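The values are calculated or read from the model by the stated rules, or taken from the named source; none is laboratory data. None of the values given here were measured: they were computed from a predicted structure. Virtual Cβ from ideal backbone geometry, glycine too; neighbours counted across all protein chains shown.
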Amino acid sequence: MSRDDSKRKLSWREIDKLKDQSGFSKIRRKLERSEKSVYKEDPKAKEKYLKKLEKLFVNKEELEKQTFIENLHKSYGTKNFKKLAKEFVEKYGIPDDWRTLLLFLDLDDRKLVISALEKLKKDFPNRNISEKQGILSKLKTLALTSKDEIIGFKVEKTLKELTL
């Protein structure tokens, strides 16, 4: 037996199919396959998937707290904000999130402002430079605009203690 006999010969139909598959169609198929694998490796899609997965395992109380914080941020600057802030503190205590603490500095309630200030001061070393700059600028503004002398004094004292 020769080498040619062992190989199966292609029919004319199979030869036509091979001709129809131009180089472009092969490249297109490869791209489609690679796009499917890229979708699996896409960081945004992966992040979205992980958030959905995390929601399944998140404590229900923690989820309620997060939605409450979102509502606080949305209501900032409205009449309802002070009421929501007091409600939040009664239910969950002073927030740990520095952005929310900055919102609490604009309240009229001296006790809440001072406790938010203390928490910011304690957490200040853990912040990056841009966050520190934001906190310092907010404190400087508060020191200049505060109507309450005690709050103004505490803010100025805190500003002297905090440095970049």
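Would region 36-51 turn up any residue that is surrounded by 10 or more Cβ atoms within 10 Å (Cβ to Cβ) and either touching a Pro at 6+ places or on another chain (Cβ under 7 Å) or touching a residue at least 12 places away in the same chain (Cβ under 8 Å) (or both)? No, region 36-51 has no match at all.
Within region 132-161, being more than 14 Å from Leu105 (Cβ to Cβ) and surrounded by 15 or more Cβ atoms within 10 Å (Cβ to Cβ) holds for one residue alone: Lys132. Between Leu63, Leu72, the distinction of being over 22 Å from Leu144 (Cα atoms), crowded, with 17+ Cβ neighbours inside 10 Å and hydrophobic (A, V, I, L, M, F, W, C) belongs to Leu72 only. Which ones in region 119-137 are within 16 Å of Ala85 (Cβ to Cβ) and charged (D, E, K, R)? Listed by number, the list holds a single entry, Lys119.
Note on region 91-119: residues that are under 20 Å from Gly134 (Cα atoms), acidic (Asp, Glu) and either touching a Leu at 6+ places or on another chain (Cβ under 8 Å) or not in a helix (DSSP H, G or I) (or both) total 3.
Just to be sure before I move on: is Phe88 assigned to a helix (DSSP H, G or I), within 22 Å of Phe68 (Cβ to Cβ) and free of Cβ contacts under 8 Å to residues at least 60 places away in the same chain in the structure I sent? Yes.
Just to be sure, is Lys147 of a type in the set (Lys, Arg), more than 22 Å from Phe81 (Cα to Cα) and free of Cβ contacts under 8 Å to residues at least 60 places away in the same chain? So Lys147 does not fit the description; no. Among the residues of region 95-108, is there at least one that is of a type in the set (D, E, K, R) and under 22 Å from Ile150 (Cα atoms)? Yes, region 95-108 contains a residue that is of a type in the set (D, E, K, R) and under 22 Å from Ile150 (Cα atoms).
Please work out if Asp108 is at pLDDT below 90, surrounded by fewer than 17 Cβ atoms within 10 Å (Cβ to Cβ) and either out of contact with any helix residue (DSSP H, G or I) (no Cβ under 8 Å at 6 or more places or on another chain) or in the same structural domain as Glu64 (by TED's automatic domain parsing) (or both).
Spelling it out, Asp108 is indeed at pLDDT below 90, surrounded by fewer than 17 Cβ atoms within 10 Å (Cβ to Cβ) and either out of contact with any helix residue (DSSP H, G or I) (no Cβ under 8 Å at 6 or more places or on another chain) or in the same structural domain as Glu64 (by TED's automatic domain parsing) (or both).
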